[in-house]
Amino acid sequence: MSKQQSTNTRPAATSQEAVLRATDLTKQYSELTVLDSIDLTVHAGSVTALIGPNGTGKTTLLRLLLGHLEPTAGNVEYAGPAVERPIGYLPQQPAFRPHFTVEETISFYASLLETPTDTKELLTQVDLYDVRNRPVEALSGGMTRLLGIAQSVVGNPPAVIFDEPASGLDPTMGTKAFEITAQLAERGTAVIVSSHDLALVERYADTVILLHDKQIAAQGPPQQLCQTHSVADLWEVYDAVTATETPQTNTEVTQ
Amino acid sequence: MSTIVSTFFALFKRELKTAMRTRVYYLITVGVIGLLLALTAGGGGAATGYVPTVVDLLLPLEVLVPVLAIAIGYRSVVSDLERGELAVLKTYDVPSSVYVFAIYAGRAVVLSVILGSGLLATLLLVSFSSGPDTSIFATHTGLDSPLLFARFIVLTLVFALALLAIVLLMSVAAQSTLTAIALAVGAVVLVVVGGDAAIILGLTDGWIADADLLNALAIAPNSAYRGAVFETVIAVTAASESGYGSPITSVAGLFAWTIFSLISATLILHRRTV
C-alpha cells in the first residue's frame, strides 16, 4: 500500500441521483458474519471507493451490489435508468478467452447487447486501439486490465464496479486505470471501485467508504475524512480507524 | 432476432471459433481418423462389408467415444468459471440455460465433426474395399449397405452427444480444471461400466425381470447404444435374429441422459453464479 500525499483534483460529483442503494446489508457464511448492516448509496457521476484491510468484505460487498451473491439480510436496489445492462463489472483478475484478438473480444461482448457499441471509440478510450489485432493472451497485465475496463463499459451501463483496478499494475498503468474511472464519472456513470492504493483513491474518489470489522467504519469525501480525523492524508485516516480493535463510531461525513 | 436467440448464437459462434483455433482438435481429428481406419483395415471387416465393419468397430467405439467426450467437454465450462467470465457474462443478462445450451451445442458440433470424420473415412474405405453383394436382387433379410453404416454413424453420434452432456455437467460442477477432468472420468466410468454392471447385477439378483431387460438396457448409455446398433444395423442382415434391444427406448434413453444432464448443469450453474 503506498503512502504518499496526493490531492483530489477532480471536479465535484455532478449529480446526486442515486443509482445503487444498499440497505441494512448483511452477509453471513454459516456462523461467520462478513458484512453487518451496511447502508450505502452510490450516486451517478461520482467515484465511490471501497477501502479496508484484506478480508474485510470488499469483494463480498461488490458481489452483493452486482447481485452475484444473495444477502443474508437487507437488500440492494438498482435505482438507475431502465437500460439493457444496468451494471458493468471488472473482476479483480480479468481474464479473457484465448485465441481471440482484443477487437474480437470486445465485439463478442457487444454482440450480447442490442445497444450498439462503437468498439473503435471504446478501445481508443482505453488506449488499446493500436493493439486491437493482438491476441488477448499476448497482452501485458496492465493491458489486460484496460481491456477488462473496456469490457465493463460495453453498452454504457449507468453503474460500473471495478474490483481493484490498479492491483499489480505499475504506477503509470494504475493511474491510467483510475483516470478512466474519473472520466466515466464525469460522463455521469456511477463508479464503485475497491482499492488498496490510497494515494490513487484520495486523488480520484469523490466518496471513500472504509470497511473495517464487518461495518462501514468511515465514510465521506477524502478531504473531509482527513479533517474529521485531524490527519494529513487518507493513509492516516485508514491507519487511525483500522488500528482500533472494533469501531466504536461510524464516522459519516455528509457531502 | 430476439435477445435470447442472438445471445445463444453469439456464444455458439464463439465456441466454434475457439475450436477452429485450437490446434489440438485438428490433431485429435487426424488421430481418430487414423485409429478408425487402422481398426477397420486390421479387423478385416472392410474387405467383407459395412456390417462386419460395424461389428469390428462397436467395442472400440464404446471406449473411444467416452474418451473423446471427455477430451472435448471437460474444460467446456470450468475454464470460463476459472477466468471469472461467468460473473462478467451475468452483467450482460445471459441466462444460465442459454449459456449451457450454447456451449453444449458448440462442443457437440466439434465432437460430431471429429467423430463423424473418422466414421465417414471408414465408410469410404469400406466402399472402396468392398461394396454390398449385388448378386442378390431380393431377400427376406436386409442387405449389407452404406445406409446401415449411416445408421451406425447416427447412433454413434447420439451416444457421443449423451456422454458429452454428462461431461459438461461435471465441468459445471467442478471447482478447477483438474477436478473437472477427475469428475468427468469418474462420471463416465460410473455411467459406462457401472451401467452395464448394474444391469448384470439386476439380472442375477432378480430385481430386473427378464421381461424388463430391453427397457433396462436402455437406461445405461453404453448398453442403449449397443442394443440400438445390434437391433437396427447388425440384426437387419441376419435371417431371424433380433431382440437385442428396443431401438426407440434405447434412443429415448440416450436423449434422456442428454436432457437430464443439460438441465442439471443449468441448475447447478445458476446456483453457482447467483
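Values computed for the structure shown
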{"read-out": "Label-reachable residues, segment A:92-107, where backbone N falls under 15 Å from a point 7 Å from residue A:140's Cα toward its Cβ", "value": "none"}
{"read-out": "Theoretical FRET efficiency, 1/(1+(r/R0)^6), r = Cβ-Cβ of residue A:129 and residue B:30, R0 30 Å, to 0.05", "value": "0.20"}
{"read-out": "For the protein assembly as shown, share of DSSP beta bridges that run antiparallel, in % to the nearest 5", "value": "50"}
{"read-out": "0 to 90° range, to nearest 10: angle between helix A:102-111 axis and chain A longest Cα axis", "value": "80"}
{"read-out": "Using alpha-carbon coordinates, inclination of helix B:96-129 to the longest axis of chain B, degrees", "value": "30"}
{"read-out": "For the protein assembly as shown, fraction of C-alpha pairs farther apart than 38 Å, in %", "value": "43"}
{"read-out": "Under 5 Å, built H, 5+ apart or other chain: amide partners of residue A:167", "value": "none"}
{"read-out": "Per-selection metrics, chain B (Cα): Rg and Dmax in Å", "value": "20.2, 66"}
{"read-out": "Vicinal HN-Hα couplings computed from phi for segment B:53-61 (Karplus, 6.51 cos²θ - 1.76 cosθ + 1.60; Hz; Gly/Pro x)", "value": "5, 4, 4, 5, 8, 4, 5, x, 5"}
{"read-out": "Cα gyration tensor category, rounded, prolate or oblate, for chain A with a/c compared to 1.5", "value": "prolate"}
{"read-out": "Other-chain or far-sequence residues with amide H under 5 Å of residue B:220's (modelled H)", "value": "none"}
{"read-out": "Global form of segment B:141-231, assessed from the alpha-carbon gyration tensor, a/c cut-off 1.5", "value": "oblate"}
{"read-out": "Value of relative contact order over chain A, rounded to a whole percent, pairs C-alpha under 8 Å and six or more apart", "value": "26"}
{"read-out": "Listed residue pairs exceeding 27 Å between alpha carbons, taken from A:58/A:176; A:27/B:90; A:120/B:90; B:13/B:90; A:176/B:13; B:17/B:90", "value": "A:176/B:13"}
{"read-out": "Degrees between helix A:171-186 axis and first principal axis of chain A (Cα, 0 to 90, nearest 10)", "value": "90"}
{"read-out": "Fewest-first ranking of B:148, A:69, A:32, B:267, using other Cβ atoms within 10 Å as the exposure measure", "value": "A:32, B:267, A:69, B:148"}
{"read-out": "With at most 11 neighbouring Cβ atoms within 10 Å, loop chymotrypsin sites (Phe, Trp or Tyr not before Pro) (DSSP) excluded, longest segment of chain B", "value": "B:1-136"}
{"read-out": "Cα→Cβ-extended label distance, 7 Å offset, between residue B:248 and residue B:154, nm", "value": "1.5"}
{"read-out": "FRET E, pair residue A:72, residue B:105, Förster distance 41 Å, beta-carbon r, rounded to 0.05", "value": "0.65"}
{"read-out": "Spin-label model distance (nm) - residue B:20 vs residue A:231, 7 Å beyond Cα toward Cβ", "value": "5.7"}
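Coordinate-derived values only; no laboratory data. What you are looking at is a predicted structure, and each value in this text was computed from that prediction instead of being measured. Reconstructed Cβ throughout: ideal geometry from the backbone, glycine too, with neighbour counts over all protein chains shown.
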